[in-house]
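A.B. asks: Take a look at the following structure, please.
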Amino acid sequence: MPPAKKRTRTYDPVKIRSAILAQFGNVRRAVRTLTPEQLALPTRLEGWTVRDLAAHVTMAVETVSRNLDREAPAKAELALLDWPFATAARAGDIADGTRDLAAASPDLDALYARTEDRLTQRLANASGDRVLAARTGAMTLADYLVTRTVELVVHTDDLNAAVPGLDIPYDRQALAACTRLLADALAAKAPGGSTEVRIPPYAVVQCVEGPRHTRGTPPNVVETDSLTWIRLATGRLTWRDAVEGAEVSASGERADLGGLLPLMG
């Protein structure tokens, strides 16, 4: 008997919209405190300064408003779980646009204010079914907003890593959505039921071909926390370093995920 088809995860659109605005606000308040010396610091994104990264966060959110201003495509082309694998092809364009925006925006708080105002206004009456002409492929607004939680959480972590003591907080709903989307992307990349990946308290997924367990403790288990998982999935941390640093536990012959990571380029 074939295994039951896994149900696609759904996200509460009201909570996702609130999470995006909350996390963007968290970043805005932190960026407002940065000194010129801190803005000039390097980040773990090669060639990007903290100023570049701070500007990029607004660009990642402004894409929602900009695409709502454009004509809607006839239909969506990209499913939510396809998005993590479609981002690498746009990396060069995104980097160029980020540097241009940073250079043209000496007043970052004004840039954040404009971005926040536009997003709030555009989302006020926008339907989740509205299709956006995103660079990675046309997506519904509801799906695209979930991807913005990934952008915001990942780059919040990048900023915290670059500036000692910055400690931007994470909105719980944004962190949960980011974690779940990237966990589900792993399961889509390596379908199966032999390995259980646990990222408490937000996600548990089954993946990797092989014998499927039906009860009790599975023979192959990977467990880690949300931020470690996000760093692994986005290439900020290697599998080997995470295991050696005891940031992830992996037991069983099919528990080595090194060959499947990162998920996003």
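The values are calculated or read from the model by the stated rules, or taken from the named source; none is laboratory data. As the structure is a computational prediction, the values presented were derived from the model and not from experiment. Cβ sites come from the backbone with ideal geometry, for glycine too, and all protein chains shown count toward neighbours. Note: accessible area is taken over every heavy atom of the protein model, side chains too, but ligands, DNA and RNA are not part of it. Shrake-Rupley method; radii C 1.70, N 1.55, O 1.52, S 1.80 Å.
A.B. asks: Using a 1.4 Å probe on the protein chains only, how many percent of the accessible area of the chain belongs to carbon and sulfur?
C.D. replies: 52 percent
A.B. asks: Expressed as a rounded percentage, what relative contact order does the chain have, with Cα pairs under 8 Å and six or more residues apart?
C.D. replies: Answer for the chain is 20 percent.
A.B. asks: Divide, for the stretch 164-240, the radius of gyration over alpha carbons by 2.2 N^0.38 Å, where N is the residue count.
C.D. replies: 1.20
A.B. asks: Still on this structure, I have one more. Could you tally the net charge around Ala162, taking each other residue with its Cβ under 13 Å from the Cβ of Ala162, Lys/Arg +1 and Asp/Glu -1?
C.D. replies: Result for the local shell: -3.
A.B. asks: Extension gain Lys189-Val204, at 0.36 nm per residue separation less the Cα-Cα distance, in nm?
C.D. replies: 3.9 nm
A.B. asks: How big is D for the chain, in µm² s⁻¹ as a whole number, if Stokes-Einstein is applied with the Kirkwood radius of its Cα pairs at 25 °C and 0.890 mPa s?
C.D. replies: For these conditions, the coefficient is 127 µm²/s.
A.B. asks: So for the stretch 1-135, what percent of the C-alpha to C-alpha distances run longer than 23 Å?
C.D. replies: Result for the distance tail: 44 percent.
A.B. asks: Which residue, chosen from Leu141, Leu257, Leu108, occupies the Cα position most advanced towards the positive end of the dipole of the chain, where the dipole is computed from +1 (Lys, Arg) and -1 (Asp, Glu) charges on Cβ about the Cα centre?
C.D. replies: Leu141
A.B. asks: Okay, next question. Only Cα pairs within less than 10 Å get springs; with that Gaussian network setup on the chain, which residue of Arg32, Arg148, Arg99 has the largest fluctuation?
C.D. replies: Ranking Arg32, Arg148, Arg99 by mean-square fluctuation puts Arg32 first.
A.B. asks: I've got another one for you. Rolling a 1.4 angstrom probe over the protein heavy atoms, how many square angstrom per residue are accessible across the chain?
C.D. replies: 49 Å²
A.B. asks: Right, next: Enter the mean projected area of the convex hull around the alpha-carbon atoms of the stretch 70-139, in nm², rounded to one decimal.
C.D. replies: Computing the convex hull of the Cα atoms and averaging its projections yields 5.8 nm².
A.B. asks: Please turn the phi angles of the stretch 77-90 into ³J(HN,Hα) values with the Karplus equation 6.51 cos²θ - 1.76 cosθ + 1.60 (θ = phi - 60°), one per residue in order, whole Hz, x for glycine and proline.
C.D. replies: Result, rounded to whole Hz: 10, 10, 7, 4, 6, 7, 4, x, 8, 9, 7, 4, 5, 9.
A.B. asks: Now, a different point. Please work out how much length the chain gains when fully extended from Glu46 to Arg29, using 0.36 nm per residue of separation minus the C-alpha to C-alpha distance, in nm with one decimal.
C.D. replies: Here the segment from Glu46 to Arg29 would lengthen by 3.6 nm.
A.B. asks: Could you pull out every residue, at least 5 positions away or on a different chain, whose amide H is within less than 5 Å of the one on Thr140? Hs are placed 1.01 Å off N in the peptide plane, and Pro or chain starts have none.
C.D. replies: Leu132
A.B. asks: In the chain, what % of DSSP beta bridges are antiparallel (nearest 5)?
C.D. replies: In the chain, approximately 75 percent of DSSP beta bridges are antiparallel ones.
A.B. asks: Cα convex hull of the stretch 98-163: mean projected area in nm², to one decimal?
C.D. replies: For the stretch 98-163, the mean projected area of the Cα convex hull comes to 5.5 nm².
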